[in-house]
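Inspection log for the structure reproduced underneath, given as structure tokens.
The values are calculated or read from the model by the stated rules, or taken from the named source; none is laboratory data. Quantities reported herein were computed from a predicted structural model and do not represent experimental measurements. All accessible areas refer to the heavy atoms of the entire protein, side chains included, with ligands and DNA or RNA removed. Shrake-Rupley method; radii C 1.70, N 1.55, O 1.52, S 1.80 Å.
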Amino acid sequence: MKIISIAAVAALVATSLFTACNKAPVSDAPTDKPSGNAALVRAEADPGIPEKKVEISANDQMKFDVVAIEAKPRQKITVTLKNIGTIPKMSMGHNLVLLEKDVDPPKFVETSQTSMATEYIAPELKNKVIAHTKLLGPGESDTVSFAAPKEPGAYTYICSFPGHFAIGMKGVLTVQ
Ligand code: ZN
């Protein structure tokens with residue numbers, strides 16, 4: 001199996017070299033792409049169910065004003081998060097990150113707290129996120145639409161800015 005795939009890659013490289021002609025030299029051999037990740041296949045919204053729109057405020061007290069959302073499986077949900085605080089984003093940014101059921105939220109925030117470049121969502125945990133907004137500074141808002149998961153249950157949403165979840169910046173999406 002391994003031998004065959006190496007041979008195939010070699011053949012591919014050879015072909016690209018032959019067909020490259022006037023193009024820039026082929027720098028890299030084709031790399032294996034990760035195979036399809038089942039966790040990344042999200043439910044599609046059921047057009048037969050009316051869309052659910054939710055507006056949520058986040059504030060300098062590190063709280064969401066909506067801490068419970070109910071939806072039907074595959075219902076389209078549109079969440080608008082607004083940061084109504086005044087403290088600069090660097091020290092008081094807010095986002096809303098909806099997590100898969102199999103994720104332990106404290107673990108998620110712990111792993112993500114150093115991922116400043118990706119707005120405190122650790123790249124290796126991205127497939128555990130059902131939907132998320134941008135990280136917002138004061139006065140900013142962001143809207144995100146997604147389908148509620150197919151599987152009924154309680155899904156936690158959090159603000160992943162360091163320290164906020166621990167203070168209670170979280171809520172629950174109940175799918176039933
Ligand atoms: Zn926050």
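What the table shows:
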read-out	value
The range 110-152 and the range 159-175: distance between their alpha carbon centers, rounded to Å	11 Å
Per residue solvent-accessible surface (Å²) - the range 63-121, probe of 1.4 Å	52 Å²
Prolate/oblate/rounded label for the range 74-172 (Cα gyration tensor, a/c 1.5)	oblate
Accessible surface of the range 44-176 [probe 1.4 Å, protein heavy atoms]: carbon and sulfur percent	53 percent
Pairs from 76/134; 107/134; 76/107 whose Cα-Cα separation, in the structure shown, is over 26 Å	76/107
